[in-house]
Amino acid sequence: MKAGELVRTAGLGERWANVRVPYFLSEKDDRVYLVGDITGNTPFPKSGMVAYVSGTIVARQIVERLKGKPLSEIPPELPNNICYSFVDSEEAIWVSANYSWDEAAKQIKAQSAVDNQRSQANGTAAIGWATGLWNDMFGPA
Ligand SMILES: Cc1cc2nc3c(=O)[nH]c(=O)nc-3n(C[C@H](O)[C@H](O)[C@H](O)COP(=O)(O)OP(=O)(O)OC[C@H]3O[C@@H](n4cnc5c(N)ncnc54)[C@H](O)[C@@H]3O)c2cc1C
């Protein structure tokens, strides 16, 4: 697997494009933000939720920069992730991960959790999660 050709054409990376963690700015070009599957040097899963949440983080950071705040004064914000899997039409299981920036160690810390006990409650939560994201991205149904 690798990022699309645009990454190589733009000189942002080879297989993937690296970011200046804990931000989403390209390591190679300060004018470029990178979110989602394209990033190479983060521990985040390549998931729809990480792409979506990272986009909202970058939007907030761009607003702060447009207001004149230097990057160094913008607190790092990292995405979280939850992946629901339906095991029949009503029951689901899930795995989640939260990420935070460890300033002392200068690295991203990951904390994960899992519920592999299938349940209707998880199924209901999965629908709620999906509806929340769809409403946010496309407007209320
Ligand atoms: C089979 C499968 C199942 C998955 N299931 C899940 C799941 O259950 N939950 C989950 O969270 N994630 C899931 N994922 C992962 C999820 O789909 C990706 O992580 C997510 O789509 C990444 O979003 P993105 O915007 O970074 O990239 P993409 O969705 O790949 O979007 C990149 C876009 O850029 C376009 N593009 C490329 N080059 C150019 C160019 N030169 N000019 C203009 N446009 C260009 C592409 O056509 C594409 O539309 C799944 C992925 C696969 C393949």
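The values are calculated or read from the model by the stated rules, or taken from the named source; none is laboratory data. All values derive from a computational prediction rather than experimental measurement. Because the Cβ atoms are built from the backbone with ideal geometry, glycine has one as well, and the counts that use them run over all protein chains shown. Note: accessible area is taken over every heavy atom of the protein model, side chains too, but ligands, DNA and RNA are not part of it. Shrake-Rupley method; radii C 1.70, N 1.55, O 1.52, S 1.80 Å.
Structure data summary
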item: Residue, farthest from the ligand (Cβ to nearest atom), within segment 47-78, restricted to residues that are in a loop (DSSP other than H, G, I, E, B) and closer than 22 Å to GLY132 by Cβ; result: GLU77
item: Subset of segment 2-17 that is in a loop (DSSP other than H, G, I, E, B) and either at pLDDT below 95 or touching a Ser or Thr at 6+ places or on another chain (Cβ under 7 Å) (or both) - its residue that is surrounded by the fewest Cβ atoms within 10 Å (Cβ to Cβ); result: TRP16
item: Residue identified as of a type in the set (Ser, Thr, Tyr), within 15 Å of the ligand (Cβ to nearest atom) and modelled with pLDDT of 95 or more among SER89, SER85, SER100; result: SER85
item: Search result, residues across segment 18-46 that are touching a Lys or Arg at 6+ places or on another chain (Cβ under 8 Å), open to solvent by less than 30 Å² (accessible area, probe 1.4 Å) and within 11 Å of the ligand (Cβ to nearest atom); result: GLY36
item: Qualifying position, being open to solvent by less than 30 Å² (accessible area, probe 1.4 Å), part of a strand (DSSP E or B) and on the phi < 0 side of the Ramachandran plot, among ASN81, ASN98, ASN116; result: ASN81
